[in-house]
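One structure below.
The values are calculated or read from the model by the stated rules, or taken from the named source; none is laboratory data. Since this is a predicted model, take the numbers as computed values, not measurements. Quick reminder, even Gly has a Cβ in these numbers, built from the backbone with ideal geometry, and neighbours come from all protein chains shown.
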Ligand SMILES: [Zn+2]
């Protein structure tokens, strides 16, 4: 009666450490073509893993590429300046709105009821705040990306 084929573990042990396998396993590999092929396949894989592929280029690729790149300019960026300019712009806009509102209120909202005016004002302020915050957050995110690279 023929013995069952070897397990993957036994075949790997045979392929890696031939001196550690028992006489039965050694005899099975000699007799069984299937297990012998598996051992050869494992030996090929282990050999390929041990020998990394040599670099294809025979010159220093990194140095050749870096020579062709334009010199980088490192720009120190102060994010406070951006915050202050955005905040200043928003305050200026609000100030101009209030100036116009208090000097010419009759012409600006003539014929509108107070509830309509309130809804209009609330919607305008909400949308402006949302868009302003969204713009600011997007800008900060882009600055972080630029600072990391
Ligand atoms: Zn076998």
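Exactly one of these conditions fails for residue 131: (1) within 31 Å of the chain's Cα centre (by Cα); (2) modelled with pLDDT of 85 or more; (3) surrounded by 12 or more Cβ atoms within 10 Å (Cβ to Cβ). Give me its number. Of everything listed in (1) within 31 Å of the chain's Cα centre (by Cα); (2) modelled with pLDDT of 85 or more; (3) surrounded by 12 or more Cβ atoms within 10 Å (Cβ to Cβ), residue 131 misses just condition (3). Beta carbons closer than 7 Å, at least 6 apart along the sequence or on distinct chains, pair a first residue in the stretch 122-136 that is within 21 Å of residue 98 (Cβ to Cβ) with a second that is surrounded by 11 or more Cβ atoms within 10 Å (Cβ to Cβ) for 132/90.
For the stretch 125-149, a tally of residues being part of a helix (DSSP H, G or I) and more than 24 Å from residue 91 (Cβ to Cβ) returns 5. For the stretch 86-97, the criterion of being at pLDDT below 85 and either over 22 Å from residue 146 (Cα atoms) or surrounded by 11 or more Cβ atoms within 10 Å (Cβ to Cβ) (or both) is met by at least one residue. Do you know which residues across the stretch 44-68 are closer than 30 Å to residue 14 by Cβ and surrounded by 10 or more Cβ atoms within 10 Å (Cβ to Cβ)? 44, 45, 46, 47, 48, listed by residue number. For the stretch 16-35, the tally of residues that are away from the ligand (no atom under 14 Å from the Cβ) and within 21 Å of residue 47 (Cα to Cα) stands at 5. Residue pairs whose Cβ atoms lie under 7 Å apart, separated by 6 or more positions or on different chains, with the first residue in the stretch 5-27 and at pLDDT 90 or above and the second outside any helix (DSSP H, G or I), are 5/32; 13/21; 14/21; 25/6.
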